[in-house]
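Input: a single structure, listed below in C-alpha cells.
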Amino acid sequence: MKRPTISDLAKEAGVSVSTVNRLMSGSNTVRSTTAQRIQNAAENIGFYGLGTIEDQIKQSAPTYRLGFLMQQSTREIYQMMAREIRNCCLQRPLDVVQPVVDFVDLLTPENIAGRLQALGENCDAVAVIAADHPQIGNTIRNLKNEGTPVISYITDQSAPERAGYVGADNWKLGRTAAWLIAQTTHRPGRVAVFFGHSRYQCQDIAEASFRSYMREHAPNLTVDESRATHEDSQNAYEMVRELLQTSDDIVGLLIVGGGISGVLRALRETPLERRRDIKLVCRDLGPETRKGLSEGLITAALCHPLGPTSDALIQTMIEAVSAKEPRPTTQHTVPFEIVTPENI
C-alpha cells in the first residue's frame, strides 16, 4: 500500500498542508486543538511522522504544576483518589501537568490551613478536601490574593474566594440514599445516620436532603439524631455495636462520612437474621465497601466516579489558572454512581 503523505494527513485532519508542516517543524503557532486533530488523524491513517507530531505537541504544550491536598493517608479511598489524579494528569494530551499530592492526617483547621498555604505557594493552583472552617477560608483568600486559585473537591467551602467546586450534587445524593432505604425496608422502624463531622458540607447537605425525603415519603420510618464518627472506624464500630445491642427496631443505616470498616465489623457481629433486616447505604467505593457489598451487608454505595471526577477537577484547575480576568466561582457537578451487590 502507498504510504500516507502529508497531503493525505492534511485532508484527513481538515487542515492545510502548511499547518501540518508548521506543526512538524516545531512552530508554536498551531493551536492546541488543531494539533490534537492532526495527531488523531495521523493515528487514523498510520502516518509515518506520528512520533514527530507527538514530540512537537509535548514540547510546545503548556506546563502546569497542580497541588492536591487530600486527607488521611491511611484511608484507601484517598489513596485511590490520588492514584487516579496522577493517572489523569499523565494522560492529558494537550498540556503537561505535574501533580503534587499531599496528605493531611491531623485534621485540625490550623494544620490543614498551614499545609494548604504551603502547597499553594509552590503550585499554579490547588485542590483541597477539607471541612468548611473560617481558618481554611482565610487561607483560600490569601492564596487568591497571591494569584493561586483554590478548587474545593468532593466537599465544598463557603469561602467566596474559592475558584470552583468539583464533586457530586449532594442534595440529590442524600435523597437517593433515602429512596433506597425507603424502597428496600419492609417494616416500620428507625434509621440511624452517621456522619464524620458537621463542617463537611457534602455530609451536611446529604443528611439534610435525606431527612427531607423521609419526611415527605416515608412516614413509617423515624430518623434518629445524627451521630458523629469523627471519620474514625473504631468510633463507628463502637457506636453501631452499642446501637444494635440496645435497640431492636433499627431497620436502616446511612453512613455519609468515614468509618465504614467499623460499621461493617459491627454488622458482622450481629446475628444473621437480625442484620438481614438492616439496610445500609454509604458513600464511595474503597476495598472495605466493595467487600461489604459482596457480602450483602451494604445495600448500595453512592460513589464519585474517580476517573471523570479527576478529569473534571484537573480541567477546572487549568481553566482557573488560564483565566485572563476574574470570573464567577465554577460549579462542576459530576453525576454519582449507584453501586449495589449486583453490579460491583
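The values are calculated or read from the model by the stated rules, or taken from the named source; none is laboratory data. In this text the structure is predicted, and so the values were computed from the model without any measurement. Heads up, the Cβs are rebuilt from the backbone with ideal geometry, glycines too, and the neighbour counts pull from every protein chain shown. Keep in mind that these areas ignore ligands, DNA and RNA; they rest on the heavy atoms of the full protein, side chains included. Shrake-Rupley method; radii C 1.70, N 1.55, O 1.52, S 1.80 Å.
In whole Å, what is the distance between the alpha-carbon centres of the range 39-79 and the range 133-159?
Between the Cα centre of the range 39-79 and that of the range 133-159, the gap is 27 Å.
Cα convex hull of the range 29-89: mean projected area in nm², to one decimal? Mind dumping the intermediate values first?
Working: hull surface 23.6 nm².
Answer in nm², one decimal: 5.9.
Where Rh is the Kirkwood radius over the Cα pairs of the chain, the temperature 20 °C and the viscosity 1.002 mPa s, what D in µm²/s does Stokes-Einstein return?
Working: Rh = 22.4 Å.
Estimated diffusion coefficient is 96 µm²/s.
Please count, across the chain, the pairs of lysine residues with Cα atoms under 29 Å apart that sit 8 or more places apart or on different chains.
Working: Lys2/Lys11; Lys2/Lys58; Lys11/Lys58; Lys58/Lys324; Lys144/Lys324; Lys172/Lys279; Lys172/Lys291; Lys279/Lys291.
For the chain, qualifying lysine pairs total 8.
Sorted by mean Cβ packing within 10 Å, highest first, what order do the peptides 333-341, 143-151, 215-223 take?
Descending mean neighbour count gives 143-151, 333-341, 215-223.
Compute the relative contact order of the chain as a whole-number percentage, counting only Cα pairs closer than 8 Å that sit 6 or more residues apart in sequence. Walk me through the numbers before you get to the answer.
Details: 639 pairs, mean separation 51.5, N = 344.
The value is 15 percent.
Computing the accessible area with a 1.4 Å probe over protein heavy atoms, can you report the carbon and sulfur percentage for the chain? Spell out each step's value before the answer.
Values: 7640 of 16070 Å².
Heavy-atom surface of the chain belonging to carbon and sulfur, 1.4 Å probe: 48 percent.
Skipping prolines and chain starts, which residues have an amide H placed within reach, meaning under 5 Å, of the one on Val223, given they are 5 or more residues away or on another chain?
Under 5 Å from the amide H of Val223 lie the amide H atoms of Val191, each far enough along the sequence or on another chain.
What does the extension gain come out to for Glu216 and Thr333, with contour length at 0.36 nm per residue minus their alpha carbon separation? Can you show the working numbers first?
Working: separation 117, 0.36 × 117 = 42.12 nm, distance 2.55 nm.
Fully extending the segment from Glu216 to Thr333 adds 39.6 nm.
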